[in-house]
Amino acid sequence: MSSLSENRLFLLLFLSLLLAGTVQATAQSRDFRQAPKALSALKKGQVAQSQGNLTQAIHFYCAAATTGNPEGYFRIGRLLATGPGSVRNPRMANAYLAMAMRLGNQQATSYYNARIGNAVMGDHCGVGVGVAVGGGGSYFAEIPNTPFNLEAYLARQSPAKQKLVIMLRSAAKHHHIDERLVLAIAIAESNLDSRAVSPKNAQGLMQLIPETQQRFGVTRPFDPEQNIKGGVAYLKWLHTHFDGNWTLMSAAYNAGEKSVEQYGGIPPYQETQQYVRRVLYFAGHK
């Protein structure tokens with residue numbers, strides 16, 4: 001073999017090893033962004049599901065979901081949407097798929113059935129799903145009410161979102177609002193996406209509708225600083241109006257303070273009821 005051919009062979013071998021190392025490093029980096037507990041629970045859930053043990057599979061997927069992992073919510077939703085008759089529950093599947101979508105899981109959109117609406121999801125993963133077993137029992141009595149780990153969830157976000165978190169904390173401190181509530185609202189509204197737009201034209205990180213933008217002087221809704229300033233100013237107003245009651249503040253942020261006043265509490269809207277549960281869950285408020 002000529003020296004030129006040997007050099008080419010060496011170069012090809014070097015490039016292949018370099019590429020393999022890059023792919024492995026990328027995979028490790030992607031896994032590192034997820035909590036080890038969540039990764040372990042997802043793997044155990046997959047094994048249990050492949051063995052037909054759906055009770056145990058959902059138990060493990062819930063363990064992943066309650067760390068803030070969207071894949072856990074997605075797998076529960078997919079199982080309830082496409083699983084056998086003993087576990088299928090399309091409206092509850094929608095509730096879990098909607099949560100997965102809120103947390104950034106794109107696959108969930110393929111399984112979400114917009115024609116049938118959502119069931120009300122319990123305060124914690126698995127609570128209230130009510131998957132039937134034989135005579136109508138439930139799989140979910142054994143699932144622990146593991147609290148959502150807000151700090152761990154935020155720590156896994158991208159550097160760009162980490163900057164938004166700093167801005168949210170600063171605005172909360174400025175307006176004397178508990179930062180856990182402010183962060184929970186931001187997660188529930190947009191999953192910290194400053195470019196988000198809802199079907200109702202709510203815009204930006206805090207999902208401000210045009211009327212709220214005008215009310216609190218927001219002229220550039222996709223400017224994170226302005227959007228956060230307006231959203232937290234609205235929360236401050238709600239804090240004063242509802243005497244610091246997080247439940248009523250969350251309900252009003254979603255449905256408007258007039259609706260909360262009209263019904264004397266959380267309005268009987270499924271969307272608002274689920275929204276309040278999500279916010280309080282993300283905020284760690286029991």
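Tabulated data
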item: Listed peptides 264-273, 68-77 by packing density, highest first (mean Cβ within 10 Å); result: 68-77, 264-273
item: Alpha-carbon centroids, region 88-115 and region 231-284: separation in whole Å; result: 23
item: Surface per residue (accessible, 1.4 Å probe) for region 172-286, Å²; result: 48
item: Ranked by how many other beta carbons lie within 10 Å on average, peptides 42-54, 230-242, 182-194 from highest; result: 182-194, 230-242, 42-54
item: Residues of type lysines that LYS229 reaches as a straight line, Cα spacing below 26 Å, ignoring anything fewer than 8 places off in the same chain; result: LYS161, LYS163, LYS173, LYS200, LYS258
item: Accessible-area composition of region 203-276, carbon plus sulfur, in percent [1.4 Å probe]; result: 48
item: Shape metrics for region 42-85, restricted to C-alpha atoms - Rg then Dmax, Å; result: 9.4, 29
item: Difference of contour (0.36 nm per residue) and Cα-Cα distance, SER259 to GLN162; result: 31.5 nm
item: Rh (Kirkwood; distinct C-alpha pairs) - region 147-266, Å; result: 14.4
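The values are calculated or read from the model by the stated rules, or taken from the named source; none is laboratory data. Remember, it's a predicted structure, so these values are computed and weren't measured experimentally. Glycine also receives a Cβ, built like all others from the backbone with ideal geometry; neighbour counts cover every protein chain displayed. What goes into the accessible areas is simple: the full protein's heavy atoms, side chains included, and nothing from ligands, DNA or RNA. Shrake-Rupley method; radii C 1.70, N 1.55, O 1.52, S 1.80 Å.
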